[in-house]
Amino acid sequence: MAKYEFSIIASGLNPQSEDFEQRFLDAGCDDATISFQKGHIIVDFAREDDSIDAAICSAVQCVQKAGAQAERVEPDPLVSLADIAARTGLTRAAITNYSKGDRAADFPLPIARVTSKTSLYEWSTVAAWLFQHHQLPREKAIEAEAVRLANAAIQSNKIGLKDALHKDLKAYERKLVKAA
């Protein structure tokens, strides 16, 4: 089993309630730190499981069992070039050169704040590109895609998160291997 670190952003419970933290502990979030920031419940997990999708699915189920509504999974799916450097351990200069096409072609295009100095990129797309260019381990690219797929399922209120995430992630893994 591996340990996966991620956060679930949630809502629907009163943080002032006497049993706020205990509800999460009783629901199986004993491997998480619970906080309330900027109007949101933040449940930071360090969960051991067989796979990232299993870890995310069981964490979402535990948050829901506590009575909260899971809104999204983080790390944030939108990243700046500085964020990419921090997540990969590559230098900011190297990431900037990749983004300009100076080190390799076809770096993913930004998807938000395109005209600003700090454009934002979709982390799962960048992670796949970095894996294909031997700059990121396969597991990290899979983790990035798992977060993206989990968020898509949560946003669409998809029933059967576990089955959908597992199926979609297996298809992504096959695609990732073919592209490498």
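The values are calculated or read from the model by the stated rules, or taken from the named source; none is laboratory data. The structure presented is a predicted model; accordingly, all values stated were derived computationally and were not measured. As a convention, Cβ positions derive from the backbone with ideal geometry for all residues, glycine included, and neighbour counts pool all protein chains shown.
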Regarding segment 15-36, can at least one residue be identified that is free of Cβ contacts under 8 Å to residues at least 12 places away in the same chain, in contact with a strand residue (DSSP E or B) (Cβ under 6 Å, 6 or more places away or on another chain) and either in the same structural domain as residue 164 (by TED's automatic domain parsing) or crowded, with 17+ Cβ neighbours inside 10 Å (or both)? yes
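Does residue 145 satisfy the condition of being in the same structural domain as residue 16 (by TED's automatic domain parsing), among the acidic types (Asp, Glu) and not in a strand (DSSP E or B)? Working first, answer last.
Numbers: in the same structural domain as residue 16 (by TED's automatic domain parsing): yes; among the acidic types (Asp, Glu): yes; not in a strand (DSSP E or B): yes.
Judged against the criteria, residue 145 is a match.
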Kindly list, by first and then second residue, each pair from a residue in segment 57-68 that is assigned by TED's automatic domain parsing to the domain that holds residue 154 and hydrophobic (A, V, I, L, M, F, W, C) to a residue that is assigned to a loop (DSSP other than H, G, I, E, B) and crowded, with 22+ Cβ neighbours inside 10 Å, limited to pairs with Cβ atoms under 9 Å and residues at least 6 apart or on different chains. 59/29; 62/29; 63/29; 66/29
Considering segment 105-123, residues that are in contact with a Ser or Thr (Cβ under 9 Å, 6 or more places away or on another chain) and assigned to a strand (DSSP E or B), and then whichever is farthest from residue 144 (Cα to Cα), we arrive at 112
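Could you tell me whether residue 6 is within 14 Å of the chain's Cα centre (by Cα), among the aromatic types (Phe, Trp, Tyr) and more than 20 Å from residue 122 (Cβ to Cβ)?
no
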Assigned to a helix (DSSP H, G or I), touching a helix residue (DSSP H, G or I) at 6+ places or on another chain (Cβ under 6 Å) and of a type in the set (Phe, Trp, Tyr): does that describe residue 131? yes
Among (1) in a helix (DSSP H, G or I); (2) surrounded by fewer than 14 Cβ atoms within 10 Å (Cβ to Cβ), where does residue 152 come up short? (2)
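Collect the residues in segment 1-14 that are surrounded by fewer than 17 Cβ atoms within 10 Å (Cβ to Cβ) and of a type outside the set (Gly, Ala, Ser), keeping them in residue-number order.
First pass over segment 1-14, keeping only residues surrounded by fewer than 17 Cβ atoms within 10 Å (Cβ to Cβ): 1-3, 5, 11-12, 14.
Residues satisfying the conditions are 1, 3, 5, 14.
Which residues, counting only those in segment 8-26, are assigned to a strand (DSSP E or B) and of a type in the set (Asp, Glu)? Give the steps one after another, and end with the answer.
Step one: filter segment 8-26 for residues assigned to a strand (DSSP E or B), giving 8-11.
Once the filter is applied, which keeps residues that are assigned to a strand (DSSP E or B) and of a type in the set (Asp, Glu), segment 8-26 yields nothing.
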Those residues of segment 93-104 which are surrounded by fewer than 13 Cβ atoms within 10 Å (Cβ to Cβ) and either modelled with pLDDT under 95 or assigned to a loop (DSSP other than H, G, I, E, B) (or both), in sequence order: 100, 101, 102
Collect the residues in segment 94-113 that are more than 21 Å from the chain's Cα centre (by Cα) and either among the charged types (D, E, K, R) or over 16 Å from residue 83 (Cβ atoms) (or both), keeping them in residue-number order. 97, 100, 101, 102, 103, 104, 105, 106
Which condition breaks for residue 38 when tested against (1) at pLDDT below 95; (2) more than 20 Å from the chain's Cα centre (by Cα)? (2)
